[in-house]
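> I'd like to ask some things about the structure below.
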Amino acid sequence: MSLSKTRLLDVVKKQYFYKFKAYKQVFVSLIFIQLLAVFFSFNGVGMMGSSSENVEIDIQFYSADMVIIFTIIWAFITAILLTTTAYKNDDFTFVSNRLSSNLSNLLYLLTASIIGGVSAMLSTSFMKIIMYLYGGQGYISASPSLSEVIIGYSSTILYIFLFSGLGYFFGTLVQISKVFAIVIPGVFIGAGILGVGSLGYEWVKSIYQFIFTESSILVFVLKALILAALLFSGSIALSNRMEVR
């Protein structure tokens with residue numbers, strides 16, 4: 001019988017730092033994906049024009065929207081990968097249980113969301129530098145206020161964390177039954193097809209409006225945190241039903 005007593009917090013801390021160091025390739029892929037998104041962003045996210053007899057004005061808009069979307073997809077896939085057997089087996093390097101494993105994954109995904117969100121927003125500055133050097137005199141840079149910067153960074157991080165929670169939940173479902181690997185994509189594809197057609201589902205529109213069209217930043221933060229908590233709590237509860245290694 002061992003005389004040493006292992007605390008949950010200590011195990012979670014050790015697993016978290018191990019994963020942060022061991023899964024460095026995840027952040028390498030983030031850099032590649034965001035650079036790719038920056039390249040696509042140079043096509044612009046919108047344009048408008050005006051002309052008169054002797055003058056023609058064309059305005060092209062640039063933003064980090066494409067980088068944020070790519071980062072959200074990256075976080076979603078990363079969360080799914082953490083639920084796979086290859087990654088779960090790494091937890092058995094420590095004396096641990098499913099709760100400590102899930103909590104360390106949550107902290108890892110939170111850290112990844114913060115890094116991904118900050119780097120995605122900083123890509124705007126990178127794009128400004130490129131456009132200033134190669135855009136010529138026709139380039140005009142917008143200067144957001146401090147409150148807009150804070151809102152932009154915080155909302156981006158929360159969106160990324162929310163979708164990482166969604167990916168973690170889906171990944172857990174797939175580990176319970178491989179049937180979900182077919183059912184979940186089928187539901188999304190079916191909802192997408194019906195959502196843009198004449199038989200569109202109102203619930204698809206309602207979910208979109210609930211998540212993406214909130215005008216109050218405080219209400220949005222509350223919504224995102226509650227949804228993320230529900231997703232991760234559901235993942236932890238479901239993982240307890242899985243067979244022990």
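> So what J values fall out for the range 73-87 if you push phi through Karplus, 6.51 cos²θ - 1.76 cosθ + 1.60 with θ = phi - 60°, rounded to Hz, Gly and Pro as x?
4, 4, 5, 4, 5, 4, 5, 5, 4, 5, 8, 6, 4, 4, 7
> Determine ³J(HN,Hα), in whole Hz, for all residues of the range 160-166 in sequence, where each value follows from phi through the Karplus function 6.51 cos²θ - 1.76 cosθ + 1.60 and θ = phi - 60°; x replaces Gly and Pro.
Once θ is set to phi - 60°, the couplings for the range 160-166 become 5, 5, 4, 6, 5, x, 5 Hz.
> Net charge near residue 211: determine it from the other residues with C-beta under 13 Å of the C-beta of residue 211, scoring Lys and Arg +1 and Asp and Glu -1.
+1
> What net charge is computed for the residues neighbouring residue 220, neighbours being all others with C-beta under 15 Å from the C-beta of residue 220, Lys and Arg scored +1, Asp and Glu -1?
-1
> Which order do the peptides 215-227, 12-24 come out in when sorted by mean C-beta neighbours inside 10 angstrom, highest first?
12-24, 215-227
> Quick check on packing: order 156-162, 180-186, 122-128 by the mean number of other C-beta atoms within 10 Å, highest mean leading.
Ranked by mean Cβ neighbours within 10 Å, highest first: 156-162, 122-128, 180-186.
> What ranking do 132, 153 get, fewest neighbouring Cβ atoms within 10 angstrom at the top?
Taking fewest neighbouring Cβ atoms as first place, the list is 132, 153.
Each reported figure results from applying straightforward, stated rules to the coordinates on display, with no laboratory input. For clarity, every value in this text was computed on a predicted model and none was experimentally measured. Neighbour counts are summed over all protein chains in view; Cβ atoms, including those assigned to glycine, are modelled from backbone coordinates with ideal geometry.
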